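A quick write-up on the structure given underneath.
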Amino acid sequence: MLKHILKALTEGPVTMPGPAPSPAALEELGQRVAGAARVRLGRSLAIREVDAGSCNGCELEIHAINNPVYDLERFGIRFVASPRHADVLLVTGPVTKNMAEALRRTLDATPDPKWVVACGDCAVSGGVFAGSYACVGPVEAVVPVDLRIPGCPPRPEDLLSALLALLEVADASP
Ligand code: SF4
């Protein structure tokens, strides 16, 4: 034990530092998302996150959206507690058998206009869980998907760019 404590104190973390976000690029992207949301919705964008079976790696990056580094709420991007208040369902993970019905019901509870975004490789294609006996498959195997964000996990900037593309080009589900 003492050996491990000494090693931790003398060698520091073994993880690599993450890429530093560019404040200027983030500001520009965030302002564009805020502007697109105002044009498309007449207000800010509300997101309901649905973990359909993720390892929670994607959630760490999604949580980073609200941390002091990114602080995307300043651009009017809000996470809401109920699908009834959401414009976007941001779905992570492969869809496990236990979450398939819950995901369908969550989509049904979301008012129009609404979009479904598959966030991360698992949500897009099944990722490392593809073929698992516990999974139905990627998100599109359960509900229609409007946008796919690859990555394991995608970075907050990727999420922001994808939301911008969604607001600018995607058709809202009827
Ligand atoms: S894409 Fe990667 S980080 Fe996200 S749920 Fe799958 S394995 Fe985890």
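Descriptive notes on the structure:
- Between Arg105 and Arg43, the contour length at 0.36 nm per residue exceeds the alpha carbon distance by 19.8 nm.
- FRET efficiency for the Leu6 to Ser132 pair, using the beta carbon distance and R₀ = 41 Å, is estimated at 0.50.
- Helix-only CD estimate at 222 nm, as mean residue ellipticity for the chain, using -39500 (n - 2.57) per DSSP H run (n ≥ 4): -12000 deg cm²/dmol
- Expressed in Å, the radius of gyration and Dmax of the Cα atoms of segment 6-96 are 16.7, 57.
- Mean separation of Cα pairs under 8 Å and 6 or more residues apart, divided by the residue count, gives the chain a relative contact order of 23 percent.
- The C-alpha atoms of the chain define a longest principal axis, and helix 2-11 lies at about 70 degrees to it.
- Point-to-point label distance, Asp112-Cys152, nm (Cα→Cβ direction, 7 Å offset): 3.8 nm
- The orientation-averaged projected area of the convex hull spanned by the Cα atoms of segment 116-172 comes to 3.8 nm².
- Packing rank of 125-131, 51-57, 80-86, 2-8, where each peptide gets the mean count of other beta carbons within 10 Å, highest leading: 51-57, 125-131, 80-86, 2-8
- For the chain, accessible area per residue (1.4 Å probe, heavy atoms of protein chains only), Å²: 55 Å²
- Spatially proximal aspartates and glutamates relative to Lys97 (Cα-Cα < 13 Å; intrachain offsets below 8 disregarded): Asp51
- With all protein chains modelled, accessible area of Arg155 [1.4 Å, Å²]: 100 Å²
- Cα-based equivalent ellipsoid of segment 68-174: semi-axis lengths in Å, sorted from largest, via gyration tensor: 22, 17, 12
The values are calculated or read from the model by the stated rules, or taken from the named source; none is laboratory data. In this text the structure is predicted, and so the values were computed from the model without any measurement. Methodologically, a virtual Cβ is constructed for each residue, glycine included, from the backbone with ideal geometry; neighbour enumeration extends over all protein chains shown. These area figures cover heavy atoms from the full protein model, side chains too; ligands, DNA and RNA do not enter into them. Shrake-Rupley method; radii C 1.70, N 1.55, O 1.52, S 1.80 Å.
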